[in-house]
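> Dumping the structure here so I can ask a few things about it.
The values are calculated or read from the model by the stated rules, or taken from the named source; none is laboratory data. Just so it is clear, the structure is predicted and the values come from calculations on it, not from any experiment. Virtual Cβ from ideal backbone geometry, glycine too; neighbours counted across all protein chains shown. We work out accessible area using only protein heavy atoms, side chains counted, and drop any ligands, DNA or RNA first. Shrake-Rupley method; radii C 1.70, N 1.55, O 1.52, S 1.80 Å.
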Amino acid sequence: MVCEEKKEKSMEKDILDRIEVLQGDITCLDVDAIVNAANRSLLGGGGVDGAIHRAAGPDLLAECRAIGGCPTGEAKITRGYNLIARHVIHTVGPVYSGKQSDSHLLSQCYANSLQLAIDQGISTIAFPAVSCGVYGYPMKAACKIAVDSTCNVLKDSRSINRVVFVLFSTGDYNIYKDYLSTIAD
Ligand code: ADP
């Protein structure tokens, strides 16, 4: 019994050791893949999507156009072009409506992005706060979904060794830090 409890605790530490929180601009990160909070057309938009397309250059838009869109909750991968990151994983978060389906779809964004990364042999990945800008998802609820679904994937996969959550504002950064410290206790 004691041994089992110990085993469970050390597994959690192993998961949390692979998660990092940073404040800043996701386009500057040196990781295998950065995740884009895209819209279903994949043809670019504002917020983090606009920043990623500006930094990657026009070839990214051309590759996205060839993909032909992405349903909400799913993920597609492209090259990173002028970005430091080698790839961009485009996922489409739900527009916040207050319905129960929101949390499932947001959770699918993280799970599907990570699964795609695993399938492509990617070991380091950075996420913005998907749906938390123009799409209006409350940050605290979204943070819990992002971290919980990520831990769930990391629990079953050793191939991803670094997941970075990148937040623009100090307030959002603190929400992630606080949540991670509560689940580490
Ligand atoms: P969505 O449409 O999914 O809500 P947004 O791009 O509007 O996506 O916002 C998602 C989150 O990304 C917001 O919290 C916003 O502050 C943040 N954000 C915007 N630009 C950047 C950036 N360059 N790096 C990291 N996060 C960013």
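> Quick one: which residues, 5 or more positions from Phe165 or on another chain, have an amide H under 5 Å from its amide H? H modelled 1.01 Å from N in the peptide plane, none for Pro or chain starts.
Those lying under 5 Å, H to H, from Phe165 are Glu20, Val21, Leu22, Phe127.
> So what is log10(I(q)/I(0)) for the chain at q = 0.15, 0.16 1/Å, when the Debye sum runs over its Cα atoms only?
After summing over all Cα pairs, the log10 values are -0.82, -0.93.
> Counting only heavy atoms of the protein chains, get the accessible area per residue of the chain (1.4 Å probe) and round it to a whole Å² value.
Per residue, the chain has 50 Å² of solvent-accessible surface.
> How far apart, in nanometres, would the label points at Ala184 and Asp156 be if each is projected 7 angstrom from Cα along the Cα-to-Cβ direction?
2.7
> Got a number for carbon plus sulfur as a percent of segment 24-184's accessible area, 1.4 Å probe?
Within segment 24-184, the accessible surface is 51 percent carbon and sulfur.
> Which value in nm describes the separation of the simple spin-label points at Ala66 and Asp30, placed 7 Å from the Cα toward the beta carbon?
With each label placed 7 Å out from Cα toward Cβ, I get 2.9 nm.
> Here is a follow-up. Using 0.36 nm per residue, how much length does the chain from Lys13 to Gln100 gain when fully extended, once their Cα-Cα distance is taken away?
This chain segment gains 28.3 nm when fully extended.
> Also: Which residues' amide hydrogens lie under 5 Å from the amide hydrogen of Asn36, considering only partners 5 or more residues apart or on another chain, with H built in the peptide plane?
Placed amide hydrogens put Ile89, His90, Thr91 under 5 Å from Asn36.
> At a 10 angstrom cut-off on C-beta neighbours, averaged per residue, how do the peptides 81-91, 57-67 rank from highest to lowest?
81-91, 57-67
> Each residue of segment 115-124 in turn: what ³J(HN,Hα) in whole Hz from Karplus with 6.51, -1.76, 1.60 and θ = phi - 60°, glycine and Pro shown as x?
Here the 3J(HN,Hα) series is 5, 4, 4, 4, 4, 9, x, 7, 10, 10 Hz.
> For the pair Asp59/Gln115, report the inter-label distance in nm, with labels modelled 7 Å from Cα in the Cβ direction.
It works out to 3.0 nm between the two label points.
> Another question, if that's okay. Only four residue types carry charge here, +1 at the Cβ of Lys and Arg and -1 at the Cβ of Asp and Glu. Report the dipole size of segment 1-157 about the Cα centre in Debye, rounded to the nearest 20.
320
> Choose one answer from Ser131, Ser159, Ser113: the residue with the largest mean-square fluctuation in a GNM of the chain with alpha-carbon springs under 10 Å.
Ser159
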